[in-house]
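Please treat every number below as a calculation from the coordinates, not as lab data. Note that the structure is predicted; figures quoted are calculated from it, not measured. Here the Cβ is made from the backbone with ideal geometry for all residues, glycine too, and neighbour counts use every protein chain on show.
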Amino acid sequence: MEQAQDGAGPEALRGSGALREGGALGEREAFRGVSDDDFLRLDEQVCFSLHAAARAFNGVYRTALKDLGITYPQYLVMLVLWEHGELPVKKIGERLRLDSGTLSPLLKRLEAAGHVERRRSVEDERSVSVRVTGAGLALREKARAVPRAISAATGLSLGEVRDLRARLDSLTAALDGKPALLDGKPALLDGKQAPLNGKPAAALDGEPAALDGEPAALDRESGEGAGDCFR
């Protein structure tokens, strides 16, 4: 396989500290020293590492939540409601980054199980709010051991977990707010700029970039390709 310039492959660059020194400019220069062939290796894709970790998490959660009788996506909904109390469906979706087509079935199943209750707002009938029932509060007591079990399964210390979460939060924020770049310029799909995470990555003459006449999107948060989390 073709090697990076000066004989430095991706692993050598990581170990040399080239990606840790010199700030953003130094990091960009270091990445330029890696060949395209090296970057096309599966084990160099951070997205695949995240995907594999998400699938592994799913397996651990499946075991941890078995006695609670809920799935991982349902558990996330309950976490939000346990923390914030009654919320509009829209706010729950925003917090979990889920669209209504994915969230509604989760809420219906939780309501059928007696854990939550949905009701329309008196002030605005278009708005539906969700609150935890008595059974949902009892479920919270049974769920207290889950976070510690998951933390133990990771093999990471509390500090390492917090550092990893902070890095992932920063990564998510960067992907939400910035277009993919090729040679310092926005990446193009069929001559048009590609967005990230279902959001137009840039505007053309003040309008969102489009593909075939429609706003372009990658990952519309429907659950497709998300490590089977929301299927």
Within segment 48-153, what is the number of lysine pairs with alpha carbons under 25 Å apart, leaving out pairs fewer than eight places apart on the same chain?
-> 5
Order of Y75, Y61 under a 10 Å beta carbon neighbour criterion, fewest first = Y75, Y61
Dipole-positive endmost among L175, S151, V132 within segment 118-182 (Cβ charges, Cα centre) = V132
By Cβ neighbour count within 10 Å, fewest first, E117, E94, E123 rank E123, E94, E117
Given H placed on each backbone N at 1.01 Å, which residues far from Q45 in sequence or on other chains put an amide H within less than 5 Å of it?
-> none
